[in-house]
1. Where does the chain land at 222 nm, in deg cm²/dmol rounded to the nearest 500, when only DSSP H runs of n ≥ 4 count, each adding -39500 (n - 2.57), divided by all residues?
2. Specify the residue with the greatest mean-square fluctuation among Glu42, Glu34, Glu23, computed from a Gaussian network of the chain linking alpha-carbon atoms under 10 Å apart.
3. Please give, to one decimal in nm, the separation of the simple spin-label points placed at Ile60 and Ser74, each 7 Å out from Cα toward the Cβ.
4. Using only alpha carbon pairs under 8 Å that are at least six residues apart, calculate the relative contact order of the chain and give it in whole percent.
5. Among 10-16, 27-33, 64-70, what's the highest-first ranking by average C-beta atoms within 10 angstrom per residue?
6. With the full set of protein chains in place, find how many percent of the accessible area of the range 14-74 is carbon and sulfur; take the probe as 1.4 Å.
7. Can you figure out the FRET efficiency of Thr26 with Asn52, using R₀ = 30 Å and their beta-carbon distance, to the nearest 0.05?
8. Starting from the 7 Å offset along Cα-to-Cβ, what nm value, one decimal, do you get for the label separation of Arg14 and Glu34?
Amino acid sequence: MSAAAKRIIPLLDRVLIQRVKAETKTATGILLPEKAVEKLNEGVVVAVGPGNVTKDGTTIPTGLSEGDRVLLPS
């Protein structure tokens, strides 16, 4: 991950996710061409905002933390 991405701090209940790259090599060591590799709908949480603020000023924390693996919509 680049240093610029580490400096990004999400606001409120926003989350920054980095998509997981698909394996380009099989377990036996065979290299796969780009066309054969599928795009994964999985990612890792890089940064999490502090949470959503209610009308009375209390903060509702986000349910995710850094390093969690999540599924992304297609």
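The values are calculated or read from the model by the stated rules, or taken from the named source; none is laboratory data. Bear in mind that the values here come from a model prediction, so they are computed numbers and not experimental data. Neighbour counts run over all protein chains shown; Cβ positions are idealised from the backbone, glycine included. Calculation scope for accessible area: heavy atoms of the full protein, side chains included, ligands and nucleic acids excluded. Shrake-Rupley method; radii C 1.70, N 1.55, O 1.52, S 1.80 Å.
1. -1000 deg cm²/dmol
2. Sorting by GNM fluctuation, first place goes to Glu34.
3. Here the answer is 3.0 nm between the modelled labels.
4. Working: 118 pairs, mean separation 24.5, N = 74.
The normalised contact order for the chain reaches 33 percent.
5. Details: 10-16: 14.1, 27-33: 7.6, 64-70: 11.4.
By packing density, highest mean first, the sequence is 10-16, 64-70, 27-33.
6. Details: 2730 of 4990 Å².
The value for the range 14-74 is 55 percent carbon and sulfur by accessible area.
7. That gives a FRET efficiency of 0.10.
8. Each label point is offset 7 Å from its Cα along the Cβ direction, giving 3.0 nm.
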